[in-house]
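The values are calculated or read from the model by the stated rules, or taken from the named source; none is laboratory data. On a predicted model such as this, the values are computed, not experimentally measured, just so you know. Don't worry about glycine lacking a Cβ; one is built from the backbone with ideal geometry, like all the others, and counts go over all protein chains shown. Only protein heavy atoms, including side chains, enter the accessible area calculation; ligands, DNA and RNA are left aside. Shrake-Rupley method; radii C 1.70, N 1.55, O 1.52, S 1.80 Å.
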Amino acid sequence: MSNTKYIGYYFKVSPIQPATEILIAELGYIGFESFVETENGVNAFIQKDEWNEDILEEVYVLSSGEFDIQYTVEEIEQINWNIEWEKNFNPIIVDDVCSVRAPFHEKPNTEYDIVIEPKMSFGTGHHETTHMMIQHLLKEDLKDKTVLDMGCGTGILAILAEMRGAASIDAIDIDNWCYLNTVENIERNDCTKITAYEGDVSLLKERKYNVVIANINRNILLDDIQAYAKSLKPNGILFVSGFYKEDLSMITEECKKNDLKIREHISRNNWIAVSYAL
């Protein structure tokens, strides 16, 4: 591994969201393996053996008129990922109750302390949607409940669900890297009640949960709310995020079609996280 060469791309993005999320997703599909979100955008890294000069031609967001994305490129002999993350990744604390940090951070005095190896940006807790979903879960009684974390990213929400007393948790993500990182973080936090799966909503057939968590994006939520509703046990709760406040009405309308009634919402910098009851 010490001889592995990387190509590093340093993107400046405006506006930051949702362009950065879209960019990370597209880069992940074409082989980029690590991402570091910055104040101005994201740094992305790919092994040189997996790289070619025309690789960004497949990244459609770069040609979108909606965003201004500039970048520089360099070749790197090897990367100390801890140093990269120490420069850009600070621990977060949600409501003075739950902390999310890397192994190299000092342990804070919080009731729930989640440690993740932040090799990817998905679900580090810094994005507004993850932060708000943590807030929802901190208020919800999860003791002895069955929980689904759909689009689990790094597994933060599944890990918190176990810490909050859930009896069993399924964590599902369509992205292979997210699945592998979730497995790693499950072990890192000594979790024993979480099972990670690589896949999509088709895995939900015949499965039933007291609580479903889906922090994804508006379009996938609209497509999959019906499946989430069918997977809920009587009086089950659905938590959704990954969309803007102006999209709340269409999400709520789709939930109504599936007998889900709105309970509560939290908003943060125009993002929103909502709970619905069956």
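Of all the criteria given as (1) under 15 Å from the mean Cα position of the chain (by Cα); (2) in contact (Cβ under 8 Å) with a residue 60 or more places away in the chain; (3) open to solvent by 10 Å² or more (accessible area, probe 1.4 Å), the one not satisfied by Ile186 is (2).
Within the range 197-214, residues that are on the phi > 0 side of the Ramachandran plot have Cβ atoms under 9 Å from residues that are in a strand (DSSP E or B) in these pairs: Gly199/Ile172; Gly199/Asp173, counting only partners at least 6 apart in sequence or on another chain. Taken together, Glu206, Glu246 contain a single residue that is in a helix (DSSP H, G or I) and more than 16 Å from the chain's Cα centre (by Cα), which is Glu246.
Out of the residues in the range 210-230 that are hydrophobic (A, V, I, L, M, F, W, C) and assigned to a helix (DSSP H, G or I), which is surrounded by the fewest Cβ atoms within 10 Å (Cβ to Cβ)?
Leu222
Residue-level check: of (1) part of a loop (DSSP other than H, G, I, E, B); (2) open to solvent by 60 Å² or more (accessible area, probe 1.4 Å); (3) closer than 23 Å to Val100 by Cβ, Tyr197 misses just (1).
Residue-wise test of (1) charged (D, E, K, R); (2) under 19 Å from Glu74 (Cβ atoms); (3) open to solvent by 20 Å² or more (accessible area, probe 1.4 Å).
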site: Lys5; (1), (2), (3): yes, yes, yes
site: Gly8; (1), (2), (3): no, yes, no
site: Pro15; (1), (2), (3): no, no, yes
site: Ala19; (1), (2), (3): no, no, no
site: Val36; (1), (2), (3): no, yes, no
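Taking the range 249-278 only, how many residues are β-branched (Val, Ile, Thr) and within 21 Å of the chain's Cα centre (by Cα)?
Adding up the residues that qualify gives 4.
Residues that are open to solvent by 30 Å² or more (accessible area, probe 1.4 Å) and more than 20 Å from Arg207 (Cα to Cα) within the range 159-178 comprise Met163, Arg164, Asp175, Asn176, Trp177, listed in sequence order. All of (1) in a strand (DSSP E or B); (2) among the hydrophobic types (A, V, I, L, M, F, W, C); (3) modelled with pLDDT of 80 or more; (4) in contact with a helix residue (DSSP H, G or I) (Cβ under 6 Å, 6 or more places away or on another chain) hold for Val36 with one exception: (3).
A single entry from Asp96, Asp54, Asp68, Asp49 fulfils the requirement of being at pLDDT below 90 and more than 15 Å from Ala25 (Cα to Cα): Asp49. Within the range 148-183, being within 13 Å of the chain's Cα centre (by Cα) and among the aliphatic types (A, V, I, L, M) holds for Met150, Ile156, Leu157, Ala158, Ile159, Ala171, Ile172, Ile174. Reported count of residues in the range 255-277, each being crowded, with 18+ Cβ neighbours inside 10 Å and either touching a Gly at 6+ places or on another chain (Cβ under 6 Å) or assigned to a helix (DSSP H, G or I) (or both), is 1. Check the range 101-116 and report whether any residue there is closer than 21 Å to Gln17 by Cβ, crowded, with 19+ Cβ neighbours inside 10 Å and modelled with pLDDT of 90 or more. For the range 101-116, residues closer than 21 Å to Gln17 by Cβ, crowded, with 19+ Cβ neighbours inside 10 Å and modelled with pLDDT of 90 or more: absent. Considering (1) charged (D, E, K, R); (2) assigned to a strand (DSSP E or B); (3) under 15 Å from Ile272 (Cβ atoms), the lone condition that Lys233 does not fulfil carries the number (3).
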